[in-house]
1. Do any residues of the stretch B:124-141 lose at least 30 Å² of accessible area when the full set of protein chains is present rather than just their chain alone, and if so which, with a 1.4 Å probe?
2. Under the rule a/c < 1.5 gives rounded, and otherwise a/b versus b/c splits prolate from oblate, where does the stretch B:163-213 land using the Cα gyration tensor?
3. Might you report the magnitude of the Cβ-based charge dipole of the stretch A:61-125 about its Cα centre, with Lys and Arg at +1 and Asp and Glu at -1, to the nearest 20 debye?
4. What accessible area per residue, rounded to a whole number of Å², is obtained for the stretch A:1-45 using a probe radius of 1.4 Å?
5. How much net charge surrounds A:V104 when only other residues with a Cβ under 10 Å from its Cβ are counted (Lys, Arg +1; Asp, Glu -1)?
6. Roughly how much accessible area, to the nearest 100 Å², goes out of reach of solvent when B and A pair up, both sides summed, probe 1.4 Å?
7. If you take every residue apart from A:K39 with its C-beta less than 12 Å away from the C-beta of A:K39, what net charge results, scoring Lys and Arg +1 and Asp and Glu -1?
8. How do B:E162, B:E130, A:E37, B:E209 rank by accessible surface area computed with a 1.4 Å probe, from largest to smallest?
Amino acid sequence: MKYKILVIDDSASVRQQVGDTLRNAGFGVDEATNGLEGKNAIEANAYACVICDVNMPFMNGIEMLEALEESGSKKDVPIVMLTTEGSRELIQKAKQAGASGWIVKPFKPELLVAAVRKLTDLSVV
Amino acid sequence: MKTTKQDSFELKIAMNDLQSQSEFHPFDTGSISELTSPPKSSAEDVIESEFVKTFTELVEYYAGKRPDVDRCKTDPSGETIAGIIGFADQGIRGSVLLLCSKSVLSDFAGQHQSINTDRPGELSMDFLGELTNQVAGRLKNQLIKYGITLEIALPMVMSGREIEAGCIGVCQLMHRAKWPEGELHALLCSEVEPGIKLQSKGENGVATEGTMELF
């Protein structure tokens, strides 16, 4: 069985880049284009990990974390923020809202795969 | 990410629409030759310096080689794609616009992602929007050490022929990054209220590009 990862980003090229990286590492990948779609997908499916952008239309990544915490539907799935933002204030806010990690774009594919493997506790996929 | 495909006349309308949609209102359009850019303040010098550093590093990352970056006054010719994003903080506002030819963008994008779907053109345009977003994001990270925390809008992408970009009444600087396979133009428009001085407070402590933190 393939472990499924949800990639949430409003940029199609980022979703493709992240998706290809994870698929090449043996994961299954679902996509969502904003925080609201992402929240609905997390509530409806079981994901091993979520990769989420911060700045998106309709609902941004931090708002999605807060909404999941508030509704109690995060289901302990690790959520890694993948963003151009690097401010400590924002990183702290995401951490408090339940994020498991923070990667600053542009990302290194091997680093992303390592993060997902570590958070899903999968040394081999 | 919003994309539009227009000819050059309609493109100007689209950019005016963007102005009306944005809470930052940093833009107006027209030929650069028609526009007058006011003299820069020292704060604008700081923003320009950080912008050039940011732009150069990002092009180097994606092109795989360090580009030559110079100031220029001309827009790219022919079929062009433009990515635009606004930014603002108290007393500071502006925008970043990236422009390049479709062929250069396809080569550029292809080096870091396999565009293998049935809509490669759309993905190339989306990639320019993401690149514009990353330039603005890096600029934001660099300006934190000056006590500035920019709010950044979402990027918008458009394509057309003979795109002429400019801003009226604010400092505007066009830079061009050149590497053997192509060139990418970047227009920085910025407006800083008189009296605002930017002084570095040393290390900004931000997470740097390409790094990962697990909590």
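1. Output list: B:D126, B:E130, B:N133, B:Q134, B:K140, B:N141.
2. Oblate, since a/c reaches 1.5 and b/c is not below a/b.
3. 280 debye
4. 39 Å²
5. With Lys, Arg at +1 and Asp, Glu at -1, the neighbours total -1.
6. The buried area between B and A, both sides summed, comes to about 2800 Å².
7. After counting each charged neighbour, the total is -4.
8. So, going from the largest accessible area down, we get B:E162, A:E37, B:E209, B:E130.
The values are calculated or read from the model by the stated rules, or taken from the named source; none is laboratory data. Note that the structure is a prediction, hence the values are computed from the model and not measured. All Cβ positions, even for glycine, are placed from backbone atoms using ideal geometry, and neighbour counts span all protein chains on display. Note: accessible area is taken over every heavy atom of the protein model, side chains too, but ligands, DNA and RNA are not part of it. Shrake-Rupley method; radii C 1.70, N 1.55, O 1.52, S 1.80 Å.
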